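Below is one structure, written out as structure tokens, with a few remarks after it.
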Amino acid sequence: MAKIKKNSHRVLYRKYSSNIKYIMMVLSVLIITIFLPKQPRFRYEFEKGEIWKNKDLISPFSFAILKTSPQVNTDKKDALNNVLPIYTLNNFLINDVEDAYLSEFDVKWKSNAFPENDKAINKQTSFRILKTIYDKGIIATDLKHNKGNKYYDFSLLNNNITKTVSTQDVFTVQTALEYFKDHFDNINLKVKEMVLSLVEDHLQPNIIFNEKLTGIVQESTLNSISTTRGMVQKDELIVAKNGVIDDEVYQKLQSFKETYEAQTKTIGDSKLVYFGQILLVGFVVSLLMFFLKLFRKDIFADNRQLSLILLVNTTMLLALTWAIKLNLPSLYYIPFCIVPIIIRILFDTRLALYLHLLVILIAGFFVPNSFEFVFYQVTSGMVAIYSIRNLIKREQLLLSALFILSAYFISFVGIALLREGSVSQIEWMNFVPFIVSVLLSLLAYPLIYAFERLFGITSDIALIELTNTNNKLLRELAFKAPGTFQHSLQVANLAEAAIFKIGGNSLLVRAGALYHDIGKIENPQYFIENQNTGLSPHDKLPYEQSAQIIIKHVHKGIEITRKHQLPESVIDFIRTHHGNTRVDYFYQSFLKNSPEKFVDENIFRYPGPIPFSKETGVLMLADSVEAASRSLKNPDAQGISDLVERIINYKLEQNQLDNCDLTLKDLETIKLIFKTMLMSIYHVRIDYQQSL
């Protein structure tokens, strides 16, 4: 049985890496289209108050004209006002009252020692009046049914039969007591007072509000309300070309659109719709791939970075699909601005804007009022990108959120005024989804950290953290190799100033400069900037061994930084800051002292590679110039100028700058900056007399 070679998966990956990006592209298209809605899309876009610029629209079928939401709400309100509250009559309450009243009457009559011969007549008279009250009914009124009136009508349910009654025609507890007072006459005031007190204790409503039954009737009434008003017949003109879309026409168009989309869910061929989606989404993703291949070859060649871009694109469109299927009240809850924020911080402005436009263009096919949606998202996305040009402080993300919210607000008010023509008609609650969307866009910050770790991408935020001199690795360098640490700081200042002037990533250059000599931590005493005694350990070593110790700091630096999980973009500065130049001091010393021996030049040469970007090229020049400037015994303007010219020209002669895109103009700018800064460092005074 054949054995599988170790790391064979890496060999296969390298062999087929060019094909993997196309597989990822196809998967992205399939995932997006599988979950998108599968019904034909209504072809027309329209807004109230605009001119209908399409041809005459003739209805291909008959459909009902839907009422507007305010009309439906008004109808519901009117219908509820017409539903009378239902009260139930309790016919059996009088029986319970009779037993209690008569027995208690006997007790109180006896306890008050009233004449027994008057008892029967008073008892019968008072109960007859009480029964008359109960027969007419005592209602427990409800203030919410009054609606500002003293009396109101209600439906009285008695033995499953209802009739409309006014509260004026029945008693309340108070009016029942007054009625009893008026109709019960007795010359004995004590007897009358006792009877009134007894009656008051036994007066209770027998007409009770039936909330449950009233609710059922109200719900049934609401359900029976028609949501349409009139019909548009087949072949009838809906709107003519160049006609104004007023309220009536707008409602016809809206009704036509909803009816059309409802019919196409059952009539349209979902397979053809799916094929159309594949064509459109595939075309847009292909445009993205072509853009990367033409203008961002570094990203196109890196499958990890490419997979991140496709992941962000796919996830955002899946979020849109999820929102559509859940019938969210507004699709503006989705934080579309999170895409340009993430891409801008991890990559660049141009790619962020391009990807955001592609996502919005695809989303525009599946949202209502596409033009309005695209306008909102494109303008806010542009503001998001502009507001995070360089993310170096945490508050910038909050400020960006405020700028995005302002962009949404300006667009919201502008579109509302354009559509309604009145400030009072603006529905401010419709702006709430935009606020939620902006708050959700703040999730970009933790997502950026996660993407950095998962896809090996270095953002400006990560570079800022790396350039903090309190970093553990830099503190170790400062402690073990203080001379190297000071040299790295000076190189960082020179390189950062130069790259800022000619254009490039100044944060990346600074990080690379601070760590470019980190390998010297292992044997700091072998490097001249860390030697304080005047004695060098190289004096006792062969020139070949000394050269290898010096060269080894590059390999050791790569090893240390990878152990501490520094980004590869920073490690590139360690690999390239000496290019493939020779360690000339030991090489020339070997030739001078051993002319008869054969010399293998590769022993004295750094492994490379040579710099391959503006940033790595500038660092090489800054490193060489700063190191050489320390050898100047009496630094003056002319000496520094000659030194800078000599070092940079030497690097050109050695072909060390062949692979980095530094122009001759860039080199002249770099020379001027290096000369100016070195003169400042060494406090060189300019001889103004000679310059005149």
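The values are calculated or read from the model by the stated rules, or taken from the named source; none is laboratory data. Just so we're clear, the structure is a prediction, and the values are computed from it rather than from any experiment. When we count neighbours, we look across all protein chains shown, and the Cβ atoms used for this are built from the backbone with ideal geometry, even at glycine. Only protein heavy atoms, including side chains, enter the accessible area calculation; ligands, DNA and RNA are left aside. Shrake-Rupley method; radii C 1.70, N 1.55, O 1.52, S 1.80 Å.
When the Cα positions of 551, 151, 233 are compared along the charge dipole of the chain, 551 comes out farthest toward the positive end, with charges on each C-beta of Lys, Arg, Asp and Glu.
Calculated [222 nm] ellipticity per residue, helices only, for the chain: -20000 deg cm²/dmol; basis is -39500 (n - 2.57) per DSSP H run with n ≥ 4, divided by all residues, nearest 500.
Taking a sphere under 11 Å around the Cβ of residue 662 and counting the other residues whose Cβ falls inside, with K and R at +1 and D and E at -1, yields a net charge of -2. In the chain, Cα pairs under 8 Å separated by at least six residues give a relative contact order of 12 percent. Please compute the net charge surrounding residue 93, taking Lys and Arg as +1 and Asp and Glu as -1 over other residues with Cβ under 14 Å from its Cβ. Taking every Cβ under 14 Å from that of residue 93, the sum is -2. Modelled label positions at residue 279 and residue 193, each set 7 Å beyond Cα in the direction of Cβ, lie 10.0 nm from each other. In the context of the full set of protein chains, residues of region 97-157 present 59 Å² of accessible surface per residue (probe radius 1.4 Å, heavy atoms only).
Given in Å, the Rg to one decimal and the Dmax to the nearest whole number for the Cα atoms of region 27-176 are 32.8, 105. A 1.4 Å probe run over region 264-414, with the rest of the protein chains in place, finds 47 Å² accessible per residue. With Cα atoms defining each centre, region 647-682 and region 137-209 are spaced 105 Å apart in the structure.
When you count the other C-beta atoms within 10 angstrom of each residue and take the mean per peptide, 655-663, 516-524, 132-140, 110-118 line up highest first as 516-524, 132-140, 655-663, 110-118.
Surface composition of region 90-139: carbon and sulfur make up 52 percent of the accessible area, probe 1.4 Å. Computed over region 305-380, the convex hull of the alpha-carbon atoms projects to a mean area of 4.7 nm². Classify region 221-345 from the C-alpha gyration tensor, please: rounded if a/c falls under 1.5, else prolate or oblate depending on whether a/b exceeds b/c. Here region 221-345 falls in the prolate category.
Please work out the C-alpha center-to-center distance from region 338-359 to region 587-635 and express it in whole Å. That distance is 41 Å. For region 540-692, what class follows from the C-alpha gyration tensor (a ≥ b ≥ c being the square roots of its eigenvalues): rounded when a/c is under 1.5, otherwise prolate if a/b is larger than b/c, else oblate? Oblate, because a/c is 1.5 or more while a/b does not exceed b/c. Element breakdown for region 377-515 at a 1.4 angstrom probe: carbon and sulfur atoms account for 63% of the accessible area.
Using a cut-off of 29 Å between Cα atoms, the listed pairs 592/665; 552/597; 21/556; 150/192 include 592/665; 21/556; 150/192 as exceeding that distance. Taking all protein chains as shown and a probe of 1.4 angstrom, residue 330 keeps an accessible surface of around 20 Å². Based on the Stokes-Einstein relation at 4 °C and a viscosity of 1.567 mPa s, and on the Kirkwood radius from alpha carbon pairs, the chain is assigned a translational diffusion coefficient of 37 µm²/s.
First obtain the Kirkwood hydrodynamic radius of region 426-518 from its Cα pairs, then insert it into the Stokes-Einstein equation at 25 °C and 0.890 mPa s, and state the resulting D in µm² per second as a whole number. Translational diffusion coefficient: 154 µm²/s. The alpha carbons of region 175-272 give a radius of gyration and a Dmax of 32.9, 98 Å, in that order. Counted over the chain, the DSSP beta bridges are approximately 75% antiparallel.
At a probe radius of 1.4 angstrom, the accessible area of region 552-661 per residue rounds to 50 square angstrom. Computed over protein heavy atoms with a 1.4 Å probe, the carbon and sulfur contribution to the accessible area of region 523-596 reaches 50%. What's the long-distance tail for region 453-589, i.e. % of Cα pairs beyond 23 Å? Result for the distance tail: 35 percent. In terms of its C-alpha gyration tensor, region 573-629 comes out oblate, because a/c is 1.5 or above while a/b does not outweigh b/c.
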